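J.: Dumping the structure here so I can ask a few things about it.
The values are calculated or read from the model by the stated rules, or taken from the named source; none is laboratory data. In this text the structure is predicted, and so the values were computed from the model without any measurement. Positions of Cβ are backbone-derived with ideal geometry, glycine not excepted, and every protein chain shown enters the neighbour counts. Surface accessibility is based on the protein's heavy atoms, side chains included, excluding ligands, DNA and RNA. Shrake-Rupley method; radii C 1.70, N 1.55, O 1.52, S 1.80 Å.
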Amino acid sequence: MPAACESVLEDIEDIVSAEDLKPHDRQFVRRNVFPKVRKRNSQKNAQTDDEPPSDSIIPGVQKIWIRTWGCSHNNSDGEYMAGQLAAYGYKITDNAAEADLWLLNSCTVKNPAEDHFRNSIKKAQEGKKKVVLAGCVPQAQPRQEYLKGLSIIGVQQIDRVVEVVEETIKGHSVRLLGQKKDNGKRLGGARLDLPKIRKNPLIEIISINTGCLNACTYCKTKHARGDLASYPIEELVDRAKQSFQEGVCEIWLTSEDTGAYGRDIGTDLPTLLWKLVEVIPEGAMLRLGMTNPPYILEHLEEMAKILNHPRVYAFLHIPVQSASDSVLMDMKREYCAADFKQVVDFLKEKVPGITIATDIICGFPGETDEDFQETMKLVEVYRFPSLFINQFYPRPGTPAAKMPQVPAAVKKQRTKDLSQLFHSYNPYDHKVGERQRVLVTEESFDSNYYVAHNPFYEQVLVPKDPLLMGKMVEVNIYEAGKHFMKGQPVSDARVHTASISRPLAKGEVSGLTEEFRRSAQNGTKWKAQPCAEIPVKTQLSSWMALQLPWQQEGGGLKILSVSLALLAVLVMFYYGGMKTEL
């Protein structure tokens, strides 16, 4: 009996071609660099009957459960990974228990999110599930003890999720954490035209850039997403056009800081937005993502004009975090409370009815009672209809974690006090009796209503009538709550279909080209070689994947020539191995 063996693969990046200059052409292994093989006792480590050897596993047929935590950027990444896996043949399931592999897409903003992530890893391991980790936690700190031995897909490598999943299913632990670069310049990330499964077929989330220009002392996301890297305007516009052709009627722009968009590539956010509104069909809407005060200050006039556009929600998320200048300085937020107020006051004047959402951190290190009262006064004055209140959590590796901490009881009390203030006013009571135009896009959490949004991105619950989904309708507001209004459709009003095409079915893969459909029908898969008694070089074939259609760049001739050369090398290695055995 031949001795069993296993491949020790610390990181896929260790065997990627050194000649690979473009980020989308990284499909072949580096010459003369091979996975290490170590022999082990076959009796001690023999495969059990319910655990077949890796060479007998057929990738691309397993069930995968995907869990995503965190922001809309992370959710978009999760949708892209689901789309690629489904396009390749994997079944994406909502049932974690029946899944063969769990893909856990993490958030590193707060301790509770990472705790949920860690607990999910433990649960997967207890359930004997294969695990692939993604998102900001493993990207920022891949060497944490509880991540040891697990496969990781980096935030800029999501276009290679199929590779990582396949190798994980075969029993390898692989890690892809590199950055996308072109001629040495960091890119925004994976291509925007990847296959995707939208959580909501009516809503497309587009990441316009990754990273930011700040160095906030409390932020762990910076460690994962890095410095600002923006996508070109033409790529973003093309992605929007494709989305509308697939029945999308609402687009969300997302990033770690949308206001900083374009500073690294010689453009800016208003220029992008004016190009996008040109391709938004009648009845469809655009929602802007979070922007920090320093960068919006430079474009207030143009931003006011854009936010007044009938196909752009008059909504902006501008985190203030604290109204104390001394706290903002310790946070290294690069603005003062007066800057924030200037932005809000200007937009409220120029964009009547605009919704301003903001974030506040309670109990940042060094925050005094006087500092906190400044924040309370800010909320009392502006009465934000949407307020994200966060108790401070020190994140490992951040400067704020090393600062003298506010006692836990004080942080908890301040969070409670601010929450009570927020819930003391009702921002929508004065709107009862109004007639509003709303776009219906989703179902409420309790499944009793459909959820729509008016031009100010305020939530309006409407009757659960399937004829309303994806439609722009007029409603009479008859009730208001803290976070929503309820509206009754006006019987004599025009109902406008916002989508220019039939929306994709829930779970249907977006962005599949005819080229890919043909390759999928032909059953193109990676072919693994058995491990035992075959020369190490032969085992490279398990890593030499035919390039997926969304990874192709430069035409079929290039792929054909490289593939033929690769085939010749493999044949040579194979027959060389046969002679060795003989």
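J.: At what distance in nm do the modelled label points of A409 and A357 sit from each other, each positioned 7 Å from its Cα along Cα→Cβ?
T.: Once both label points are built, they end up 3.5 nm from each other.
J.: Follow-up. Quote the FRET efficiency, to the nearest 0.05, computed for K148 versus R435 with a Förster distance R0 of 41 Å and r equal to the Cβ-Cβ distance.
T.: 0.10
J.: OK, next. What percentage of the solvent-accessible surface of segment 426-503, computed with a 1.4 Å probe over protein heavy atoms, is contributed by carbon and sulfur atoms? Please report the intermediate quantities before stating the final value.
T.: Details: 2020 of 3990 Å².
C and S atoms contribute 51 percent here.
J.: Taking 29 Å as the cut-off for C-alpha to C-alpha distance, list the pairs among K91/K222; K110/K180; K416/K464; K148/K185; K91/K170 that go past it.
T.: Listed pairs above 29 Å: K91/K222; K416/K464; K148/K185.
J.: Each residue of segment 498-507 in turn: what ³J(HN,Hα) in whole Hz from Karplus with 6.51, -1.76, 1.60 and θ = phi - 60°, glycine and Pro shown as x?
T.: Along segment 498-507, the couplings run 6, 7, 8, 9, 5, x, 5, 5, 4, x Hz.
J.: Tally Lys and Arg at +1 and Asp and Glu at -1 over the other residues with C-beta under 13 Å from the C-beta of Y428: what net charge comes out?
T.: 0
J.: Okay, moving on. Near the amide H of C336, under 5 Å away, which other amide H atoms are found, from residues 5 or more places off or on another chain, if H is placed in the peptide plane?
T.: none
J.: Further, regarding this structure: Would you kindly derive the ³J(HN,Hα) couplings of segment 183-194 from the backbone phi angles with the Karplus curve 6.51 cos²θ - 1.76 cosθ + 1.60 (θ = phi - 60°), listing them in order in whole Hz, with x for Gly and Pro?
T.: Values, residue by residue: 6, x, 9, 5, 9, x, x, 5, 4, 7, 9, 5 Hz.
J.: Heavy atoms only, probe 1.4 angstrom, no DNA, RNA or ligands counted: give me L213, L297 ranked by accessible area, highest first.
T.: Greatest to least solvent exposure: L213, L297.
J.: Using 7 Å Cα-to-Cβ label points, what is the K199/K129 separation (nm, one decimal)?
T.: 1.7 nm
J.: With all protein chains present, calculate the accessible area of W65 using a 1.4 Å probe and round the result to the nearest 10 Å².
T.: Roughly 40 Å² of W65 is accessible to a 1.4 Å probe.
J.: A follow-up question, please. Between F484 and E235, 0.36 nm times their residue separation minus their Cα-Cα distance comes to what?
T.: 86.1 nm is the gain from fully extending F484 to E235.
J.: Based on Cβ point charges of +1 for Lys and Arg and -1 for Asp and Glu, what charge dipole magnitude is obtained for segment 430-497 about its Cα centre, in debye rounded to the nearest 20?
T.: Working: 8 positive and 9 negative charges, 31 e Å.
Approximately 140 debye in magnitude.
J.: Sticking with this one: Return the long-range amide H neighbours of R395 (sequence gap of 5 or more, or a different chain), with a cut-off of under 5 Å between placed amide H atoms.
T.: A401
J.: Just the accessible area per residue of segment 63-181, please: how many Å² with a 1.4 Å probe?
T.: That works out to 35 Å² for each residue.
J.: Sticking with this structure for a sec: What FRET efficiency comes out for the pair K402/C336, r = Cβ-Cβ distance, R0 = 22 Å, nearest 0.05?
T.: On the way: r = 24 Å, r/R0 = 1.10.
After rounding to 0.05, the efficiency reads 0.35.
J.: Amide H to amide H under 5 Å from G289: which residues, 5+ apart in sequence or cross-chain, H placed 1.01 Å off N in plane?
T.: L253
J.: What percentage of the solvent-accessible surface of segment 59-214, computed with a 1.4 Å probe over protein heavy atoms, is contributed by carbon and sulfur atoms?
T.: 49 percent
J.: Hey, can you find the accessible area per residue of segment 430-497 for me, probe 1.4 Å, expressed in square angstrom? Kindly include the intermediate steps, with their values, before the conclusion.
T.: Values: 3440 Å² over 68 residues.
With the other protein chains kept in place, segment 430-497 gives 51 Å² per residue.
J.: When only C-alpha pairs under 8 Å and at least 6 residues apart count, what is the relative contact order of segment 430-497, in percent?
T.: Once divided by the residue count of segment 430-497, the mean separation gives 32 percent.
J.: Considering only protein heavy atoms, what per residue accessible area in square angstrom results for segment 185-426 with a 1.4 angstrom probe? Write out the running numbers ahead of the final one.
T.: Values: 9010 Å² over 242 residues.
Solvent-accessible surface per residue comes out at 37 Å².
J.: Work out from phi, with θ = phi - 60° and the Karplus expression 6.51 cos²θ - 1.76 cosθ + 1.60, the ³J(HN,Hα) of each residue of segment 306-323, listed in order in whole Hz, and give x for Gly and Pro.
T.: Karplus values, whole Hz, x for Gly and Pro: 5, 5, 8, 5, x, 10, 10, 5, 7, 8, 8, 9, 10, x, 9, 6, 6, 9.
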